[in-house]
Amino acid sequence: MLDQPIRMQRVKGAAHVRVTRAGLADLRQQGSAKAMLPRTDDPDPEVVFLNTAGGVTGGDRLDYSLQVGAGARVTGATQTAERAYRARDAEHGVVATEITVGKGARLDWLPQELIVFDGAAIRRDTTVTLSGDATVLAVDSVVLGRAAHGEVVTRAILDDIRTIRRDGRLVHQEHLALDAAALADPAALGGNCAMATLVFLGQGAEDALGPLRDALGTDGHASAWDGRLVARLVAPAAAPLRRALIRAILPLRGRAVPRVWQSDL
């Protein structure tokens, strides 16, 4: 009998949440993608997404969707750090996130970091659609390996696109592409293995620049223009990056980070 190729089991999952000013309006989930609305001291709803598979590898696919109705204020987060594990033959795992924020609404999109392991291959596509005067505070952070375990990432593929549109007009887009060549370049991260970008779009973005810079100190750089504030941070490990992010988020959010962040500190 001829040897048959081993067919690996792959993760498929999707979770959709819609929240209005009246509260939860729709919740659908399938596969390993889940969503929860935990009880918190925060008066506004908090939506927490999670991947029960424990990580993403080549061939996996996760789709998340969050809709914030007009006039609502919602916090979105992930239960823990997502992990991108080694992939076979550089086959990508895919995580796609679709977010819409209605007129007069605000979303604080605060997922925890993506930890990229050696040999990982992952593609992420995050799209945010804003209507009218909607406001969004969005954080994205990436950590290469776990410094506490002595892990060094020398080969990995990360294709990460983040797009924000307001009333159909492109207002912000970033494309982070990492591969073995970029990781080997000493100028790429300057010896650091953790990085984050914070974007705040809405009224008062320019006014928040001073308090944000004070909160960051020497741990990051920020600029603001035309209703948009962007900050970038790098650190030698996940813990100092997270501490700096928490300091940066506080003046923009006006309240503490979600409890799921605090549970990992």
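For residues that are outside any strand (DSSP E or B) and of a type in the set (D, E), scanning just segment 174-194, find the one that is surrounded by the fewest Cβ atoms within 10 Å (Cβ to Cβ).
From segment 174-194, those outside any strand (DSSP E or B) are 179-193; that's our starting set.
Now narrow it down to the ones that are of a type in the set (D, E): 179, 185.
Numbers: D179: 14, D185: 10.
In this case the residue turns out to be D185.
Residues in segment 59-80 that are farther than 12 Å from V48 by Cα and not β-branched (V, I, T): G59, D60, R61, L62, D63, Q67, G69, A70, G71, A72, R73. When the residues of segment 71-98 are filtered to those that are surrounded by fewer than 21 Cβ atoms within 10 Å (Cβ to Cβ) and aliphatic (A, V, I, L, M), the one that is farthest from G168 (Cα to Cα) is A90. Residue count for segment 44-70, restricted to those that are surrounded by 15 or more Cβ atoms within 10 Å (Cβ to Cβ), in a loop (DSSP other than H, G, I, E, B) and among the hydroxyl-bearing types (S, T, Y): 1.
Within segment 248-257, the set of residues being surrounded by 18 or more Cβ atoms within 10 Å (Cβ to Cβ) and either polar (S, T, N, Q) or not in a helix (DSSP H, G or I) (or both) comprises just one member, V257.
With T135, T126 as the choices, which residue is within 22 Å of K34 (Cα to Cα) and either of a type in the set (S, T, N, Q) or touching a Cys at 6+ places or on another chain (Cβ under 9 Å) (or both)?
Numbers: T135 fails: within 22 Å of K34 (Cα to Cα).
So the residue among T135, T126 that is within 22 Å of K34 (Cα to Cα) and either of a type in the set (S, T, N, Q) or touching a Cys at 6+ places or on another chain (Cβ under 9 Å) (or both) is T126.
Residues in segment 195-221 that are part of a strand (DSSP E or B) and more than 14 Å from A138 (Cβ to Cβ) were compared, and the one that is nearest to the chain's Cα centre (by Cα) is M195. Among the residues of segment 84-121, those that are of a type in the set (K, R) and at pLDDT below 95 comprise R86, R88.
Do you know which of the residues in segment 195-245 that are among the acidic types (D, E) and within 30 Å of D167 (Cα to Cα) is surrounded by the fewest Cβ atoms within 10 Å (Cβ to Cβ)? Only one residue fits best here, namely D226. In segment 126-159, the qualifying residues are those that are without any contact (Cβ under 8 Å) to a residue 40 or more places away in the chain and within 17 Å of the chain's Cα centre (by Cα), and the one that is farthest from V95 (Cα to Cα) is T129. Out of L245, L241, one residue alone is assigned to a helix (DSSP H, G or I), closer than 23 Å to V101 by Cβ and not hydroxyl-bearing (S, T, Y). It is L245. As a summary of the residue check, D41 satisfies the conditions (1) assigned to a loop (DSSP other than H, G, I, E, B); (2) over 21 Å from T75 (Cβ atoms) except for the one numbered (2).
The values are calculated or read from the model by the stated rules, or taken from the named source; none is laboratory data. Keep in mind that this is a model prediction, so the values were computed, not measured. Ideal geometry is used to build each Cβ from the backbone, glycine not excepted, and the neighbour counts take in all protein chains shown.
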